[in-house]
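Here the structure is laid out as structure tokens; the discussion comes afterwards.
The values are calculated or read from the model by the stated rules, or taken from the named source; none is laboratory data. This structure is a prediction, so every number in the text was calculated from the model and none was measured. Here Cβ is always computed from backbone atoms with ideal geometry, including for glycine, and neighbour counts include all displayed protein chains.
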Amino acid sequence: MNDSIVLRSILLVAANPKGTASLRLQEEEREIKERLRLAGYGKVPINSTGATRPRDLQQVMVDFKPQIVHFSGHGAGQEGLAFEDMTGQIKLIDSEALANLFKLFSDRVECVVLNACYSEFQAEVIAQHINYVVGMSKSIGDRAAIEFAVGFYTALGAGESVEFAYKLGCNAIQLEGIPEHLTPVLCVRSSQAHVKESVRRIKYMVILSTTIDEVNKPLVEAMLNHLRQISGDASLTLQRIEAGSIKLVLEGSEEGYIRLMNLFSTGEISEVLGITIQNIESDDEITQNSIEEDWKAFHTVLKQEFLNYLRQDVGIDAAQLMELYLQGQSLEQIAQSMNAPIKQVYRLHEKINYHAFRFFGLREQYEIASTLLGLQTPEHRLINTLSSLTLEQWQTFWQSLTSEQKQLLEKLKRGEKLETIANELNSEHKQIVGELNRLNLLYVKFSRRN
């Protein structure tokens with residue numbers, strides 16, 4: 001599919017209903033128009049509509065016949081995108097309704113950009129009818145949303161492809177130092193329609209750290225809606241509540257269960273409406289083989305995402321080294337395969353370790369990644385590299401540390417886990433991880449000087 005677009009007509013749709021967080025929508029619109037004007041597209045019709053209601057959306061689609069539709073506003077995940085009702089209050093339009101609308105205009109609309117939080121749900125459904133749809137996999141801040149739009153339309157205005165424009169938009173976020181460049185996702189329409197097989201329904205339990213006295217019907221309903229949203233399973237139902245540590249016994253799609261398990265296991269979710277999740281346990285109906293197959297599929301996706309990150313942000317050589325490493329080759333064998341000096345391969349491997357820590361972010365995610373990718377954990381890497389210093393180098397490095405960093409390093413050398421250290425120092429886990437990251441960076445700077 002040829003993804004370059006000759007710009008003819010663009011429609012900017014905005015909505016910021018009463019009672020929702022204020023967004024910088026006018027600034028986003030101004031930046032888009034300015035980028036296109038600078039690219040020489042001043043004569044391309046750029047129409048816009050604000051405080052958009054559902055009926056307004058239909059009207060502007062018919063009136064302006066846009067080729068690109070750009071939505072700026074709020075998203076509510078599985079529940080839909082936030083438009084306005086007749087009084088300016090929030091009015092959600094679900095994924096199916098939006099997809100059916102764009103289906104009617106699929107002969108002219110080539111690209112839809114949903115610059116709203118959690119809009120990946122809608123993007124995936126709309127992409128059944130539209131060639132290219134950009135959505136957001138999670139919450140995105142105002143600055144990141146605007147920078148993405150700037151990069152995206154800078155590329156389109158220069159005649160680049162949609163896929164290139166998407167990548168430039170993500171890079172624009174990254175260049176500003178905003179850690180949200182992985183939030184935008186590009187959904188591409190398949191040349192062949194996908195037919196979903198019958199959905200297997202299973203039962204599982206979400207175990208919460210609370211008591212039965214603290215749980216009421218409105219709270220349970222709110223938690224259930226939240227779980228539907230984050231699991232992407234609108235069919236999720238509550239079967240019963242068991243006392244003790246509260247156990248919500250749920251029934252839903254196997255796909256939704258796997259998604260929820262992945263989010264919990266990687267640390268992306270740890271609570272439901274402020275109540276800590278102790279564990280998520282499957283019912284006996286889910287066989288061990290099924291779980292293992294699903295985790296293998298998840299691991300494959302995780303590896304591929306990291307390889308894509310290396311290609312884009314570190315370099316082709318880094319991705320090639322990682323692929324060979326995953327195939328079981330030693331660093332010495334990789335040096336021969338890449339026809340590169342062994343020292344260069346070792347340095348590149350260290351660089352990959354560092355970027356893995358940055359990429360996976362949360363400590364829980366990194367532990368999974370270190371197992372999958374065969375990389376050292378940050379604390380092991382630090383201790384191993386420090387052990388190679390001479391006595392004089394070690395003394396110099398030690399004197400450059402703060403008392404808190406020295407205390408952390410001594411505990412790491414004794415083999416204590418980060419969770420244990422956090423408890424002993426009365427600190428949050430993420431604070432210890434941050435300090436460890438700073439120690440690694442200090443060592444990198446020190447090794448370059450010495």
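Evaluate the following for residue 164: is it at pLDDT below 90, part of a helix (DSSP H, G or I) and surrounded by fewer than 24 Cβ atoms within 10 Å (Cβ to Cβ)?
Details: at pLDDT below 90: yes; part of a helix (DSSP H, G or I): yes; surrounded by fewer than 24 Cβ atoms within 10 Å (Cβ to Cβ): yes.
For residue 164, the condition - at pLDDT below 90, part of a helix (DSSP H, G or I) and surrounded by fewer than 24 Cβ atoms within 10 Å (Cβ to Cβ) - is met.
Look at the stretch 235-250 and say how many of its residues are surrounded by fewer than 19 Cβ atoms within 10 Å (Cβ to Cβ) and modelled with pLDDT of 75 or more.
Looking only at the stretch 235-250, we keep the residues that are surrounded by fewer than 19 Cβ atoms within 10 Å (Cβ to Cβ), and these are 235, 237-245, 247, 249.
Remaining after also requiring modelled with pLDDT of 75 or more: 237-238, 241, 247, 249.
Summing the residues that are surrounded by fewer than 19 Cβ atoms within 10 Å (Cβ to Cβ) and modelled with pLDDT of 75 or more in the stretch 235-250 gives 5.
Restricting attention to the stretch 50-72, the residues that are buried (at least 18 other Cβ atoms within 10 Å of the Cβ) and farther than 16 Å from residue 104 by Cβ add up to 6. Would you say residue 97 is in contact with a Gly (Cβ under 9 Å, 6 or more places away or on another chain), surrounded by fewer than 21 Cβ atoms within 10 Å (Cβ to Cβ), within 30 Å of residue 236 (Cβ to Cβ) and aliphatic (A, V, I, L, M)? For residue 97, the condition - in contact with a Gly (Cβ under 9 Å, 6 or more places away or on another chain), surrounded by fewer than 21 Cβ atoms within 10 Å (Cβ to Cβ), within 30 Å of residue 236 (Cβ to Cβ) and aliphatic (A, V, I, L, M) - is met. So for the stretch 286-309 (the condition being crowded, with 18+ Cβ neighbours inside 10 Å, at pLDDT 80 or above and not in a helix (DSSP H, G or I)), does at least one residue qualify? Among the residues of the stretch 286-309, not one is crowded, with 18+ Cβ neighbours inside 10 Å, at pLDDT 80 or above and not in a helix (DSSP H, G or I), which makes the answer no.
Which is within 16 Å of residue 142 (Cα to Cα) and modelled with pLDDT under 80, of 38, 25?
On the way: 38 fails: within 16 Å of residue 142 (Cα to Cα).
Every option except 25 fails the conditions.
Can residue 153 be described as over 19 Å from the mean Cα position of the chain (by Cα), under 16 Å from residue 71 (Cβ atoms), of a type outside the set (Val, Ile, Thr) and part of a helix (DSSP H, G or I)? Criteria met by residue 153. Do we have any residue at all in the stretch 401-414 that's modelled with pLDDT under 85, not in a helix (DSSP H, G or I) and not assigned by TED's automatic domain parsing to the domain that holds residue 322? Yes, because at least one residue in the stretch 401-414 is modelled with pLDDT under 85, not in a helix (DSSP H, G or I) and not assigned by TED's automatic domain parsing to the domain that holds residue 322. Do the conditions hold for residue 355, that is, is it closer than 22 Å to residue 309 by Cα and modelled with pLDDT under 80? Taking the combined requirement at face value, the residue satisfies it.
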